[in-house]
Each structure stands twice: as C-alpha cells, then as structure tokens.
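Below: one structure, written as structure tokens.
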C-alpha cells in the first residue's frame, strides 16, 4: 500500500510539473560552432609553432528563454563541458525589470565580430568585458544597474567581500548615432590589512550610415585583473601599494555588400601600466560573413595579434556556424 501511495504521489508531481511547463512559453535554441584556423605563434625568443586549430568552439551552446506570464520570465544557456553560461529569472514590475541569476553584466556590449579564438571579438584586445556573473540587476528603459559577485582575481587572500561589485550602463539613441556609457567599481579587503579598489569606465559609439556602420569604444581601468576584466589578469594591485592602470580602445567598420555577404575590419589595442609588467597588446583583422542559408553562415578571417614582448600570432581560416 505504501509503495502504491509513493507511485501515485510521483505521478502527481510529474503531472503537475508538466502542466506548469505547458502553461509557460518555452523557446529553445542552439548554436553549433566549429573553428578551422591555421595559425603561426611566435614567442618572445622567435620560436614559432605552426598549427591547425580545428575544433568545436567552447561557446557553442544550447538554451531556452521562458515566459510564464506578463511579469515572470527567465532563461538558461549551457555551453560545452557542460558549463552553465546563463541561468536567470526576470520579473517585470511595470516600470522596469529585475533580473536574478547569472547573465552578462552591464559592462558588456559586443561591438566586434572577430571570430578567431572562439569568437574573440577583441574582448582581450581593447574592449571592455566583464563576462557572465551572478547578480541582481534592475533595468529601466535604457538604464541598467547591477549588484554583482565581487571580483577577487590576483588576490592571494581576499578576506572581506562584504561589498558587491557595482556596475551600471546607459544607452542613448541620437538618430543615426547610438552612445553607450559604462561604469563599474569593486572593493575587496586582502589579508585583513588593506582594501584593493578597482574600477572601469568606458564609452562607445555606433554610427549607422546605411550599408556602412562604424563602431568605436574606449575605456580606462584601475587594477583590471582584480576587477575581473578580460585581457590582462596580471595587471592588478601589488602588495607594495601600487595600483595598476589600463587603457583600451577598439575601432570596427562593417559594410553590407549584399543580403549574402558582409565585410568587417577591426582593430583593438590596450596599454597596461602594471609595475614591472608594463605592456601593450593589439589585434587587427579583416573578415567576410557569408550567409549560406537562414541560420547557417561561414566567416573567413585573416588577422594578426601583437603581444609586444610576448611575441605575436598570424592566423587565417574560418568559423562555421549553424543556429537552430
């Protein structure tokens, strides 16, 4: 009798879950991406390694967006591995939206479509990228503000993480010009002794002239490695009390040749004042996006990476992508 009761209870739970799932609007999606690049990597001692980088990209994904009703929604996204890329819920409270979970932070705005290195997008070469982080975010029209998991990169003993990382962004539309403003601050105590303060400030612009679109972005940062910015993890606070500073910029031009072909060229660079690790890095590329069918495109690309004293990389090849 007890086993029968458990069986009926289990069936009831499954039925209840199924009914709630059917009541929600589920939109599943996926993106399969394969990189096929030949690259020559030259290190600081002029030693070179030539290789094919032929693999499933780590940012291939499958996920869904969900809408339960006019107020409640959410979504999830898994990458290869399997790792959680996104997992969040949203509440529309009338004048705005609250996001609870892991998603891209307000600092993130993709300007470049560089496909080398699993869609690098100049994120490590001059762009401002804070990644996908656990957070509470409020969005009201074109304004976002978020309380985010504190960044502790490069700290040997982060003892006090009482204050969340705070980020905000604002987008302004001016006819053909779109302006994006970004800001973030992070404070963590190390060894119960001193605070490590880091911040990032940036501004970007997109100018649309029909088939031609020009994009540019510039940012400054203090202790970007502690903050958690992509590109230079060693550029951080040092125990002698010195802060590190970083400046980055990118320029991207996009020209739509036809409904089947779009050309893009981009440059990005960053300059780091990091104690004994002063350095500069830069990347330049040119590509053509070839739309083969709805959801299927190939992107041939040629590029060069300058890592200053660490050497350089020359590459060419293509990304193959099908969205479903």
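The values are calculated or read from the model by the stated rules, or taken from the named source; none is laboratory data. Source: prediction; values computed, not measured. Note that each Cβ is placed from the backbone with ideal geometry, even for glycine, and that neighbours are counted across all protein chains shown.
Restricting the search to the stretch 273-288, which residues are more than 12 Å from residue 112 (Cα to Cα), in a strand (DSSP E or B) and out of contact with any helix residue (DSSP H, G or I) (no Cβ under 8 Å at 6 or more places or on another chain)?
273, 282, 288
All but one of (1) surrounded by 13 or more Cβ atoms within 10 Å (Cβ to Cβ); (2) modelled with pLDDT of 95 or more; (3) under 30 Å from residue 301 (Cα atoms) hold for residue 56, so report the exception by its number.
(1)
Would you list the strands (runs of 3 or more DSSP E) that sit entirely within the stretch 78-180 and hold 3 or more residues that are surrounded by 17 or more Cβ atoms within 10 Å (Cβ to Cβ) and modelled with pLDDT of 95 or more?
It comes to 84-92, 97-104, 132-140, 143-148, 165-174.
Out of curiosity, is residue 197 surrounded by fewer than 22 Cβ atoms within 10 Å (Cβ to Cβ) and more than 30 Å from residue 95 (Cβ to Cβ)?
yes
Is it fair to say residue 73 is more than 26 Å from residue 263 (Cβ to Cβ), surrounded by 15 or more Cβ atoms within 10 Å (Cβ to Cβ) and in contact (Cβ under 8 Å) with a residue 24 or more places away in the chain?
no
Name the pairs: first residue in the stretch 114-130 and on the phi < 0 side of the Ramachandran plot and touching a residue at least 40 places away in the same chain (Cβ under 8 Å), second residue surrounded by fewer than 22 Cβ atoms within 10 Å (Cβ to Cβ) and assigned to a helix (DSSP H, G or I), Cβ to Cβ under 7 Å, at least 6 apart or on different chains?
none
Being part of a strand (DSSP E or B), without any contact (Cβ under 8 Å) to a residue 60 or more places away in the chain and over 30 Å from residue 63 (Cα atoms) is the filter here; which residues of the stretch 289-324 pass it?
Across the stretch 289-324, the qualifying residues are 302, 304, 306.
What number of residues within the stretch 181-194 are out of contact with any helix residue (DSSP H, G or I) (no Cβ under 9 Å at 6 or more places or on another chain), surrounded by fewer than 19 Cβ atoms within 10 Å (Cβ to Cβ) and modelled with pLDDT of 90 or more?
2
Which one of these is within 19 Å of the chain's Cα centre (by Cα) and either surrounded by fewer than 16 Cβ atoms within 10 Å (Cβ to Cβ) or touching a residue at least 60 places away in the same chain (Cβ under 8 Å) (or both): 202, 210, 241?
Residue meeting the stated conditions: 202.
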